[in-house]
Amino acid sequence: MGLPGRPKSENRSAQHEGAPVSPAGRSKDQHHDAHHEGGPAGVNSDVATTVRGVPEPGELPELSLKRLGGQGPDALLLHGFGSDSLSWIVNQPALEGVAQLYALDLPGHGASHHDVGDGHVATLAERVADALDRRGLKRLHLIGHSLGGGIALLLAQSRPDLVASLVLIAPAGLGHAVDPNFLAAYPSLRSAIETEALLRQLVQQPRLIGRTLVARVIEQLERPHARTALRTVADGLARSSAALVDAAAAVAASDLPRLVVWGGNDRINPLSVERLTRFGGESHIAPDVGHLPHVEAPRLVNAEIVRFLRQVHGG
């Protein structure tokens, strides 16, 4: 579970405060940058794919997959439920120093197609694998938050050719359980008051949930098919527990390098020490942080990911 973002003016302060950000609206500067680069701001448009129209019968809907830049091995950012690829904006500069970053909007999110199939995490993982295959990408370091972390787990199990390592941030499948009340409430948000109240459950720092962010969440939910798609994904996630447990067990039995980061005060997907211990690999628990460690404590999380990727890649 994550957050969509903010306009560029807020992104400046977000990089200092660790505030969530989103693609829902761009400033003049961003539109100028997009025109200058031939695509979305900061994205090489020759490898950016954005869904338009309806897929042909028998074809999977294509996803929005962007190359962000950077140097080093390929790494893919997978956001959480209700969020989008720009939720990583406070992490991107640090991670670009050790990896060639790609970011993807999950089905039903951001610029990707609203067709989410049955919403099961395995279905979403299949769509992600298809997007990577279309781009000819292999052996990526997967960095996934919450729902994106669950998808990364299933990819490591079903498509090991795509996965070089895992960085999982409060991932679905390793916690006690994702709060079903949050999942049910999010797609139905309409008023600013109820939206702010729900979003504050994600963090320990209420100042991160401002009026502009609240307005952007509601704006994105009002897009055609957005609420229906998210309800289907929420229901699918609830039905994916067994598949996620199996995937976590498969990874635990492997020698795949892995790092798990969790907020010590996560109320949305509370940490399970027992499951985390069985999973093995490396882990870091961020104190006084909620469900969004990469947003609330970006310096700490960035440093852990950079260290891990350098260690795995021998740099």
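Key figures for this structure:
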item	result
Residue tally, condition surrounded by fewer than 18 Cβ atoms within 10 Å (Cβ to Cβ) and touching a strand residue (DSSP E or B) at 6+ places or on another chain (Cβ under 8 Å), over segment 289-311	1
Every residue from segment 127-149 that is surrounded by 19 or more Cβ atoms within 10 Å (Cβ to Cβ) and among the charged types (D, E, K, R)	R127
Selected residue (criterion: surrounded by the most Cβ atoms within 10 Å (Cβ to Cβ)) from residues of segment 203-214 that are hydrophobic (A, V, I, L, M, F, W, C) and part of a helix (DSSP H, G or I)	L213
Residues (surrounded by fewer than 21 Cβ atoms within 10 Å (Cβ to Cβ) and within 24 Å of V289 (Cβ to Cβ)) located in segment 215-235	none
Residue ID - nearest to P73 (Cα to Cα), chosen from residues in segment 98-142 that are in contact with an Asp or Glu (Cβ under 6 Å, 6 or more places away or on another chain) and outside any loop (DSSP other than H, G, I, E, B)	Q100
Condition broken by L77, with the remaining ones in (1) touching a Phe, Trp or Tyr at 6+ places or on another chain (Cβ under 6 Å); (2) farther than 16 Å from N302 by Cβ satisfied	(2)
Single unsatisfied condition, R200 versus (1) in a helix (DSSP H, G or I); (2) within 21 Å of L292 (Cβ to Cβ); (3) touching an Asp or Glu at 6+ places or on another chain (Cβ under 9 Å)	(3)
Criterion (within 21 Å of S254 (Cα to Cα) and under 13 Å from the mean Cα position of the chain (by Cα)) met by exactly one of A122, A156, A172	A172
Any hit, segment 261-275, residues being over 21 Å from Q201 (Cα atoms) and in contact (Cβ under 8 Å) with a residue 60 or more places away in the chain	yes
Sole exception among (1) in a helix (DSSP H, G or I); (2) out of contact with any Lys or Arg (no Cβ under 8 Å at 6 or more places or on another chain); (3) at pLDDT 95 or above for S87, by number	(3)
Residues satisfying the stated conditions in segment 266-295, i.e. under 23 Å from L199 (Cβ atoms) and acidic (D, E)	D266, D288
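The values are calculated or read from the model by the stated rules, or taken from the named source; none is laboratory data. Note that the coordinates shown come from a computational prediction; the quantities given were computed from them, not determined experimentally. Note that each Cβ is placed from the backbone with ideal geometry, even for glycine, and that neighbours are counted across all protein chains shown.
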